[in-house]
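The values are calculated or read from the model by the stated rules, or taken from the named source; none is laboratory data. A quick note: this is a predicted structure, and the numbers were derived from the prediction, not measured. Counting neighbours? That spans all protein chains shown, and the Cβs are built from the backbone with ideal geometry, glycine included. Heads up: the accessible areas ignore ligands, DNA and RNA and are worked out on the full protein's heavy atoms, side chains in. Shrake-Rupley method; radii C 1.70, N 1.55, O 1.52, S 1.80 Å.
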Amino acid sequence: EFDADVTNDVFVADIKVQPGNNDLEIVATDMDTNKENVLKESVYVWTKTTILLARNSDVAIVDGVPQKLSVAPTEINGIVMVPLEAIAQIFEVSTVPVGSTVTLTWGSNSLVISEGSTSATLNSSQVDLTAAPVVQNGLLMIAARDVELLKPDVGSIEVMFETGSFDIVICRKH
């Protein structure tokens, strides 16, 4: 319960919400303490994670905070490749590497991706990859565009290429 200021028939208040679904019920009380339900609504609050990467740099900027990468993004045959497990860790996606294959799980989703294969298995369905993943310094690198396969149950992932010092931008809305 909280108080709201009313100015010109407009209620203004700070309401604490959490990421995800929030059920709101607004009850107005007049000067005589009579109560009336004004609004009952469910509101979804999105969160966003932004990763800035630069080719050949082992530094990622995650929501404004620098993080060191074990392997730098690189360009192979004109395709930008990024370290899969590092991106998955930032997005809180579970990874289980076995040899040159990595199984990722998040929400109700699973992705199995292997070195050298131009396809992967997403939720029991075969999907085409932009390029075959490669292993560098013991870690699986995937095409930056294929990071979009890690889309959350509710939300989206967008991979953009920009000009400037950090030229790869990955945004996850969840």
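Brief remarks on what is shown
- Where both bridge residues fall in segment 19-104, DSSP classifies roughly 100% of the beta bridges as antiparallel.
- Close amide H pairs (under 5 Å, H built 1.01 Å from N) link Met81 with Thr74, Glu75, Ile76, Ala144, residues at least 5 positions away or on another chain.
- Per residue, the chain reaches -1000 deg cm²/dmol at 222 nm when only DSSP H runs of four or more residues are counted, each adding -39500 (n - 2.57).
- Prolate/oblate/rounded call for segment 71-171, Cα gyration tensor, a/c under 1.5 rounded: oblate
- Each 5 Å bin, from zero up to the one with the longest distance, holds this percent of the alpha carbon pairs of the chain: 1, 7, 15, 17, 15, 10, 7, 6, 6, 6, 5, 4, 2, 1, 0.
- Loop-located chymotrypsin sites (Phe, Trp or Tyr not before Pro) across segment 1-109 with a Cβ neighbour count of 12 or fewer within 10 Å are Phe2, Trp46, with loop assigned by DSSP.
- ³J(HN,Hα) computed for each position of segment 23-32 - Karplus, 6.51 cos²θ - 1.76 cosθ + 1.60, integer Hz, glycine/proline x: 8, 10, 9, 10, 10, 8, 10, 8, 4, 8
- Heavy atoms of the protein chains alone define the surface here; on that basis the chain has 61 Å² accessible area per residue at 1.4 Å probe size.
- For the residues Asp23, Asp63, Asp58, Asp146, a 1.4 Å probe over the protein chains yields an accessible-area ranking, largest first, of Asp23, Asp63, Asp58, Asp146.
- Accessible area (Å², 1.4 Å probe, nearest 10) - Lys48: 130 Å²
- Here the accessible area is traced with a 1.4 Å probe on the protein chains. For the chain, carbon and sulfur cover 47 percent of it.
- Accessible-area ranking of Arg145, Arg55, largest first, probe 1.4 Å: Arg145, Arg55
- Under 5 Å between amide hydrogens, built in the peptide plane, is the criterion, and for Thr130 it picks out Asp146 among residues at least 5 positions away or on other chains.
- Per-residue extension of 0.36 nm, minus the Cα-Cα distance of Val134 and Val10, leaves a gain of 38.9 nm for this segment.
- Straightening the chain between Ile26 and Lys68 buys 10.6 nm, computed as 0.36 nm per residue apart minus the Cα-Cα spacing.
- Rounded to whole Hz, the Karplus (6.51, -1.76, 1.60) HN-Hα couplings of segment 42-52, x for glycine and proline: 9, 10, 9, 9, 7, 10, 9, 10, 10, 10, 10
- Cβ-Cβ FRET estimate between Thr121 and Asp58, R0 fixed at 41 Å, reported to 0.05: 0.85
- HN-Hα J in Hz across segment 93-98 - Karplus 6.51, -1.76, 1.60, θ = phi - 60°, x for Gly and Pro: 9, 6, 10, 10, x, 9
- FRET efficiency, Val98 to Ser165 (Cβ-Cβ, R0 30 Å, nearest 0.05): 0.25
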